[in-house]
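Colleague: One structure is given below, represented as structure tokens, and several questions about it will come after.
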Amino acid sequence: MKIPGHTAVGMPGKRRTREGPLAWLAAASVALSLIMLGALLVLLSVKGLSNFWPATVHQLTLKGGETVIGVPLETRELPSRQGLERRYLTANRDDGGGIWRWLANDQITEDTTPEDLVVLERRHWGTFFGRLVALQSGDQRLTGPDAWTVLESRLKEINALRDERRRLTHDEILPLIRSMEDQDGHRSEDRRLADLQRRASELQQRMQGDLVVLENGQGRRQEQALAEILEAWRPNAMAWHEKLGHWVRELWQFLSQGPRDANTAGGVWPAIFGTILMVLLMSILVTPFGVLAAVYLNEVAHQGRLTRLVRIGVRNLAGVPSIVYGVFGLGVFVYGIGGSIDRWFFESTLPSPTFGTGGLLWASLTLALLTLPVVIVATEEGLSRIPLHQREGALALGATRFETLTRVVLPMATPAMLTGLILAVARAAGEVAPLMLVGVAKLAPQVPLDGEFPFLHLERKFMHLGYHIYDAAFHSSDVQAAMPLVYATALLLVTVILVLNLTAIFMRHYLRKRHGAPVRR
Amino acid sequence: MSIDGELPKRQLAQARLGNRRGAVMEFSAADTCLDIQGLTLAYGGKTALKDLTLRIPRHRVTAFIGPSGCGKSTLLRALNRLHDLNEDVSRHGQIHLDGHDIHDPRVAVAELRRRVGMVFQAPNPFPMSIYDNVAFGLRLQGGLSKRRIDDVVEWALKSAALWDEVKGRLRASAWSLSGGQQQRLVIARTLAVEPEVLLLDEPASALDPISTLKIEELIRTLKPHLTLVLVTHNMQQAARVSDYTAFLHNGELVEYGPTDTLFTHPRLRRTENYITGRMVG
Ligand SMILES: Nc1ncnc2c1ncn2[C@@H]1O[C@H](COP(=O)(O)OP(=O)(O)OP(=O)(O)O)[C@@H](O)[C@H]1O
Ligand SMILES: [Mg+2]
């Protein structure tokens, strides 16, 4: 039989053309979104990761005879439009302030990359570019290639000593002091403390004593204590695999160490840890509340006008600006509940607050509140999608309503709950504004989880990647110097959120498989 | 046969059953499993069942037939109180199971539903393994050893004629079975909790002829052990497997009697029209 307007076999060509414009438009918007997303990731990756690469250092001779040592960066047209000029990173902040310099191309008479140029990463004053003239160790004074070899091995020793000293301070001295404060007056541990402190200053002693003599581009010499130097390398003398090794090491230090120099250098480990811990705590808090609330709204409550009103209210809470939650958290959690806890349990330490100030717990709670609507809505959607005949199947086998809920409905709704959790994590991990009110700190080198009872310190302030970006980008003395760090941290924040989300997505995938439901998406 | 007014109705030696038109059934009150008296049921304001009175015999197959929307499923669901969940449903009249009022406040609904099992029109296995589906009801009862559950699962799957097809993959997802296998799995799941009554709501409507035949065979083998109530749109099926047939129309019981009689000599014009296909919908 032939239906008018339809060809018998194959898809009619006419239909496809009618779908044409819409399909193209949809495809184009998908492509555009992907391109923008890709561009974002590429920008963050390039700007963030290249920061750790040991760039070639150039020695330039200018027309006036002046010598400049620096790493070439971007080029632009001269204001006079006659030629180009280039920005160089010249480092040496202690050498008169700036660490950048614009040089017109025709100013430069000679551009070389001598192998003996050194780059030093210092505890203060940032990076140094120049030459190593001599190394003074006790009465010994080494010059030439020997100086460099000894410098490298001494640096390793000093870094090991520094690590040991840090460990001693954080893991033994500080906990001891705190425990002595707690048992106020009781001074039986005095001897042990003095002993530890002597060991610490001994380590400090062994780090000091050595001096390096450095020479900058202009040939001006300066002395620097070796203990001030964290790392030294000669990029122009490095083969590419050495550079790669250096890059990996730098990246690892960025991930595993704490910040230095007012957050403009060093690593972000406490911030990574704080972000993840806070998000995990938030998830632990929000999931049971959200699921229970959704179960109540969808399964228990009488489906009347009041329930509908509550549901609309919950949905609208998802749209409240996050800073409002921050204000709420500050007023209710920090001052209200935290203040009361302090009055009841920590009276001895008042007026300095314990829970009555921002901290990990209050931040997690505030974010849990912020993400609660998302979890409720997603879970409710999942619950309402479970077909009636599944519930009736369980009831008809003699299950009570509660058993039906726990054994059939909730397991089937777990993927939906995890979808809610994924959305919650995505929102919470990127949220900075409310955290500034309820517990994030610019610098909190001690992570809130350690070997000291009760191990998880809910009252402590913590660092957060999002806030770290904000702080480095707006509050450092030299914003431009901090920019590479900002990019790297931003990339890291995206990665952390991605990893957290992927974990939840894999969990959802696993649960879907276990509960036999067809795996979608 | 006489009716002794002094005795309670269900103890009568022979009973006047079904509609007010006085159909007489050849089973004794002692053989009555479900006794429905004056059942009226409404969804909101809409009446779905009107003053139904009928008795369902023990260890027989009773079929409910009638046009779509006449209230067959509604009646079936009333028998294990599945309507309890729907707040809009209002009910009058009684249902007795083995002489006990199922609406008695002392009756535990969950236990009633275990005794009166139900298989739905569309197969509804849970998204779990085949084994877990069958063990579901058993685990609700609790206190059963792993060994005992294994045994019952095997017995139930054998009873539902599914064992040979799934014995090698009990841990596979139930949703990986075919529609016919799923429906037999659901029957096995229901049998595992050893119900006394099995309600089947168009159990074969979504199945191919071979699966349908398997289900019909299954119904026949279960008959000596269970009271079966079958809703079907398939006249041949009703004629093939049922002992008694009730014809419902617009929520009323039109005619009820032994299947042979009802199909060969229907007393009413309406019944005859429906059976012979002259009345549709
Ligand atoms: N949950 C419900 N709410 C309101 N009305 C309902 C509900 N379920 C059934 N009804 C109505 O009750 C009447 C009987 O429905 P029922 O499902 O019992 O019919 P049925 O005989 O099983 O039909 P079918 O053969 O199509 O399954 C119909 O008019 C239907 O619209
Ligand atoms: Mg029906």
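Colleague: Just for the range B:39-55: of the residues that are open to solvent by 20 Å² or more (accessible area, probe 1.4 Å) and more than 9 Å from ligand 1 (Cβ to nearest atom), which one is farthest from residue B:98 (Cα to Cα)?
Modeller: B:45
Colleague: Output the number of residues of the range A:237-262 satisfying the condition of being open to solvent by 50 Å² or more (accessible area, probe 1.4 Å) and part of a loop (DSSP other than H, G, I, E, B).
Modeller: Qualifying residue count, the range A:237-262: 2.
Colleague: Looking at A:402, A:455, which one is within 14 Å of another protein chain (Cβ to nearest Cβ) and aromatic (Phe, Trp, Tyr)?
Modeller: A:402
Colleague: Quickly run through the range B:198-210 and pick out the residues that are modelled with pLDDT of 85 or more, surrounded by fewer than 22 Cβ atoms within 10 Å (Cβ to Cβ) and assigned to a loop (DSSP other than H, G, I, E, B).
Modeller: Correct list: B:202 only.
Colleague: Output the number of the condition that residue A:154 fails; it satisfies all remaining conditions of (1) closer than 23 Å to residue A:126 by Cβ; (2) open to solvent by less than 20 Å² (accessible area, probe 1.4 Å); (3) not in a strand (DSSP E or B).
Modeller: (2)
Colleague: I want to confirm something. Restricting to the range A:45-74 and keeping residues that are in a strand (DSSP E or B) and more than 31 Å from the chain's Cα centre (by Cα), which single residue is surrounded by the most Cβ atoms within 10 Å (Cβ to Cβ)?
Modeller: Only one residue tops the list, namely A:69.
Colleague: Here are some conditions: (1) in contact with a Leu (Cβ under 7 Å, 6 or more places away or on another chain); (2) under 12 Å from residue A:287 (Cα atoms). Residue A:424 meets all but one. Which one does it not meet?
Modeller: Every condition holds for residue A:424 apart from (1).
Colleague: Now for a different question. May I ask you to list the residues in the range B:56-72 that are open to solvent by less than 40 Å² (accessible area, probe 1.4 Å) and either within 9 Å of ligand 1 (Cβ to nearest atom) or among the aliphatic types (A, V, I, L, M) (or both)?
Modeller: If the condition is that a residue be open to solvent by less than 40 Å² (accessible area, probe 1.4 Å) and either within 9 Å of ligand 1 (Cβ to nearest atom) or among the aliphatic types (A, V, I, L, M) (or both), then B:56, B:61, B:63, B:64, B:65, B:66, B:67, B:70, B:71, B:72 are the ones that fit.
Colleague: In the range A:270-304, which residue that is touching a residue at least 40 places away in the same chain (Cβ under 8 Å), closer than 17 Å to residue A:401 by Cα and of a type outside the set (A, V, I, L, M) is surrounded by the fewest Cβ atoms within 10 Å (Cβ to Cβ)?
Modeller: Restricting to residues being touching a residue at least 40 places away in the same chain (Cβ under 8 Å), closer than 17 Å to residue A:401 by Cα and of a type outside the set (A, V, I, L, M), the top hit is A:299.
Colleague: What number of residues in the range A:305-323 are surrounded by fewer than 13 Cβ atoms within 10 Å (Cβ to Cβ) and in a helix (DSSP H, G or I)?
Modeller: The qualifying residues number 7.
Colleague: If residue B:139 satisfies all but one of (1) part of a loop (DSSP other than H, G, I, E, B); (2) modelled with pLDDT of 90 or more; (3) surrounded by fewer than 20 Cβ atoms within 10 Å (Cβ to Cβ); (4) facing another protein chain (nearest Cβ under 10 Å), what's the number of the condition it fails?
Modeller: With respect to (1) part of a loop (DSSP other than H, G, I, E, B); (2) modelled with pLDDT of 90 or more; (3) surrounded by fewer than 20 Cβ atoms within 10 Å (Cβ to Cβ); (4) facing another protein chain (nearest Cβ under 10 Å), residue B:139 is out only on (1).
Colleague: Next up: Is there a residue in the range B:182-197 that is more than 16 Å from ligand 1 (Cβ to nearest atom), buried (at least 21 other Cβ atoms within 10 Å of the Cβ) and away from every other protein chain (no Cβ under 14 Å)?
Modeller: Within the range B:182-197 (the criterion being more than 16 Å from ligand 1 (Cβ to nearest atom), buried (at least 21 other Cβ atoms within 10 Å of the Cβ) and away from every other protein chain (no Cβ under 14 Å)), the answer is yes, since at least one residue qualifies.
Colleague: Failed condition for residue B:157, given (1) within 17 Å of residue B:214 (Cα to Cα); (2) within 8 Å of another protein chain (Cβ to nearest Cβ), with all others met?
Modeller: Unmet for residue B:157, out of (1) within 17 Å of residue B:214 (Cα to Cα); (2) within 8 Å of another protein chain (Cβ to nearest Cβ): (2).
Colleague: Looking at (1) touching a residue at least 24 places away in the same chain (Cβ under 8 Å); (2) away from chain B (no Cβ under 14 Å), find the lone condition where residue A:414 falls short.
Modeller: Of (1) touching a residue at least 24 places away in the same chain (Cβ under 8 Å); (2) away from chain B (no Cβ under 14 Å), only one is false for residue A:414: (2).
Colleague: Sticking with this one: Counting only residues that are open to solvent by less than 20 Å² (accessible area, probe 1.4 Å) and over 30 Å from residue A:333 (Cα atoms), which one in the range A:368-384 is nearest to the other protein chains (Cβ to nearest Cβ)?
Modeller: This residue is A:382.
Colleague: Just give me the residues in the range A:155-177 being polar (S, T, N, Q) and within 25 Å of residue A:455 (Cα to Cα), in sequence order.
Modeller: A:169
Colleague: Can you name every one of the strands (runs of 3 or more DSSP E) wholly within the range A:90-136 that holds 1 or more residues which are open to solvent by 10 Å² or more (accessible area, probe 1.4 Å) and under 16 Å from residue A:218 (Cβ atoms)?
Modeller: A:100-104, A:108-112
Colleague: Here is a further query. Give me a count of the residues in the range B:103-125 that are surrounded by 22 or more Cβ atoms within 10 Å (Cβ to Cβ) and either more than 7 Å from chain A (Cβ to nearest Cβ) or within 25 Å of residue A:301 (Cα to Cα) (or both).
Modeller: Count: 5.
Colleague: Sort out which residues of the range B:250-261 are closer than 22 Å to residue B:203 by Cβ and in contact with a helix residue (DSSP H, G or I) (Cβ under 7 Å, 6 or more places away or on another chain), and write them in order of number.
Modeller: Passing the criteria: only B:259.
Colleague: Further, regarding this structure: Sort out which residues of the range B:74-102 are open to solvent by 40 Å² or more (accessible area, probe 1.4 Å) and either polar (S, T, N, Q) or away from ligand 2 (no atom under 16 Å from the Cβ) (or both), and write them in order of number.
Modeller: B:84, B:85, B:86, B:87, B:88, B:90, B:91, B:92, B:94, B:98, B:100, B:101
Colleague: A follow-up question, please. Restricting to the range B:160-181, name every residue that is more than 12 Å from chain A (Cβ to nearest Cβ), surrounded by fewer than 18 Cβ atoms within 10 Å (Cβ to Cβ) and of a type outside the set (Lys, Arg).
Modeller: B:161, B:163, B:164, B:165, B:168, B:178, B:179 - these are the residues of the range B:160-181 that are more than 12 Å from chain A (Cβ to nearest Cβ), surrounded by fewer than 18 Cβ atoms within 10 Å (Cβ to Cβ) and of a type outside the set (Lys, Arg).
Colleague: Tell me, which strands (runs of 3 or more DSSP E) lie completely within the range B:211-272 with 1 or more residues that are within 14 Å of chain A (Cβ to nearest Cβ) and within 16 Å of ligand 2 (Cβ to nearest atom)?
Modeller: In the range B:211-272, the matching strands (runs of 3 or more DSSP E) lie at B:227-231.
Colleague: Now for a separate question. Please verify whether the range A:385-397 includes one or more residues that are in a loop (DSSP other than H, G, I, E, B), open to solvent by less than 40 Å² (accessible area, probe 1.4 Å) and within 14 Å of another protein chain (Cβ to nearest Cβ).
Modeller: yes
The values are calculated or read from the model by the stated rules, or taken from the named source; none is laboratory data. In this text, all values refer to a predicted model and were calculated from it rather than measured experimentally. Ideal geometry is used to build each Cβ from the backbone, glycine not excepted, and the neighbour counts take in all protein chains shown. For the accessible areas, the whole protein counts, side chains as well, though only heavy atoms, and no ligand, DNA or RNA atoms are used. Shrake-Rupley method; radii C 1.70, N 1.55, O 1.52, S 1.80 Å.
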